[in-house]
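Structure first, commentary second.
The values are calculated or read from the model by the stated rules, or taken from the named source; none is laboratory data. Treat the numbers as computed from the prediction; the structure is a model and nothing was measured. Cβ placement follows ideal geometry from the backbone for every residue including glycine, while neighbour counts extend to all protein chains displayed.
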Amino acid sequence: MVFVLKPGRSLEEIDLFVERIESRGFKTFLSIGTEHTVVCLIGNTASIDLDAVVQANDIVQYGKRVTEPYKAVNRTVHPEDTVVNAGSVPVGSGMFQVIAGPCSVESEEQIIEVARSVKASGATLLRGGAFKPRTSPYAFMGMREEGIRLLLMAKRETGLPVVTEVMNQTQLPLFEDIDVIQVGARNMQNFDLLREVGRYNKPVLLKRGLANTLEELLMSAEYIMSEGNSQVILCERGIRTFETSTRNTLDLSAIPLLKQKSHLPVIVDPSHAAGIRALVAPLARAAVAVGADGLMIETHNDPAQALCDGAQSLNLSQFSDLMEDLKRRIAFEGKQIGAV
Ligand code: PEP
Ligand code: MN
């Protein structure tokens, strides 16, 4: 249940109303937007007479029952778009960002060359895996601590904010200077990890699980938000279907649906969705057209030699060509790329 408050009310009045509600045994979540302030009640609200609360409290404009199980991420609770500040760049509400870089950090030369090149092409964030979740225990697992160190070196060198994946909560102390913590598809329902990144004051890029519904994705975002971290970016990265000609199937309808249901920004990863280099550009264009707030594109200086996901990685000149094309399309959608 949510109560939308009348505009221009003081913090004291809001606190008083919240106290009154909480004294009835409910937990509340306060959402202060530029236009609306909303008090969301968590718990079984069946016993509450909505009209009676509206009548008894002059501060309340109207009340509404939220039937979905996700509350904090729900657009009903927070009607305005959330903008996530990923280091120096805002994501969402008209600000479109492109995250580029290799699947994994492989060497100083590799990450620095890729970082410089993607920045020159217009990427606004750098990615690079240090801890890699791999299907085979015999595959390259990432450079781990050393990978984080090299990624931070590339950040200092280019000024690009950096995104990298955390696989479990014990690794989090290493992420202090990382700008955006990625929770990968395989960890989307690792609830202890979600709670822990929720207690961390840093943006989280939450990828949709291989076989998870949109409601499950939103409930995972709810885990993070319920711990106090509202800086969550959702990422559609393809789901498992019966189709075997692509690595996954990009669920394009997820983007407008997620944006209707939630106020959180939504980005698309066409690389892991397709698994095929030639499909990355067309799917990236489609993502822009259906309203995504950003893209994550695997880019490598030498894809043929990549230690991970080479077949879906663009080389540096392919990425540069794609960016030229995307810049026009992003502007056509009325969005801006980069800092404000
Ligand atoms: C990645 O971004 O490198 C990755 C492993 O992605 P996902 O979790 O979507 O498979
Ligand atoms: Mn990858």
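Things worth noting here:
- Members of segment 5-49 found to be of a type in the set (S, T, N, Q) and within 22 Å of PRO79 (Cα to Cα), listed by number: SER10, THR28, SER31, THR34, THR37, THR45
- Spans of strands (runs of 3 or more DSSP E) in segment 40-151 with at least 1 residues more than 20 Å from GLY294 (Cα to Cα) and touching a residue at least 24 places away in the same chain (Cβ under 8 Å): 60-64
- If the condition is being away from ligand 2 (no atom under 16 Å from the Cβ) and either more than 15 Å from VAL114 (Cα to Cα) or touching a strand residue (DSSP E or B) at 6+ places or on another chain (Cβ under 7 Å) (or both), then segment 288-320 contributes VAL288, ALA289, VAL290, GLY291, ALA292, ASP293, GLY294, LEU316.
- Lone unmet requirement of (1) more than 24 Å from LEU126 (Cα to Cα); (2) among the hydroxyl-bearing types (Ser, Thr, Tyr); (3) out of contact with any Ser or Thr (no Cβ under 7 Å at 6 or more places or on another chain); (4) away from ligand 2 (no atom under 16 Å from the Cβ) for TYR200: (1)
- Scan of segment 29-39 for residues that are modelled with pLDDT of 90 or more and either more than 14 Å from GLU80 (Cβ to Cβ) or hydroxyl-bearing (Ser, Thr, Tyr) (or both), ordered by number: THR37, VAL39
- Every condition in (1) of a type in the set (A, V, I, L, M); (2) touching a Ser or Thr at 6+ places or on another chain (Cβ under 6 Å); (3) exposed (fewer than 15 other Cβ atoms within 10 Å of the Cβ) is met by ALA274 except one, and the failing one is (3).
- Apart from one condition, GLU13 fits all of (1) among the charged types (D, E, K, R); (2) in contact with a strand residue (DSSP E or B) (Cβ under 7 Å, 6 or more places away or on another chain); (3) in contact (Cβ under 8 Å) with a residue 40 or more places away in the chain; the exception is (2).
- Some residue of segment 153-171 being within 16 Å of ligand 1 (Cβ to nearest atom), more than 19 Å from GLU298 (Cβ to Cβ) and in contact (Cβ under 8 Å) with a residue 24 or more places away in the chain: yes
- Total residues in segment 149-171 satisfying the condition of being farther than 17 Å from ALA86 by Cα and either outside the structural domain of LEU210 (by TED's automatic domain parsing) or aliphatic (A, V, I, L, M) (or both): the figure is 3.
- Of all residues making up segment 295-340, the number that are over 21 Å from VAL105 (Cβ atoms) and either among the β-branched types (Val, Ile, Thr) or within 16 Å of ligand 1 (Cβ to nearest atom) (or both): 3
- Leading residue by the ranking (nearest to ALA130 (Cα to Cα)) among those in segment 176-195 that are surrounded by fewer than 19 Cβ atoms within 10 Å (Cβ to Cβ) and touching a residue at least 24 places away in the same chain (Cβ under 8 Å): ASP177
- Positions within segment 100-121 being within 16 Å of ligand 2 (Cβ to nearest atom), β-branched (Val, Ile, Thr) and either more than 13 Å from ARG156 (Cβ to Cβ) or surrounded by fewer than 19 Cβ atoms within 10 Å (Cβ to Cβ) (or both), in sequence order: VAL105, VAL114, VAL118
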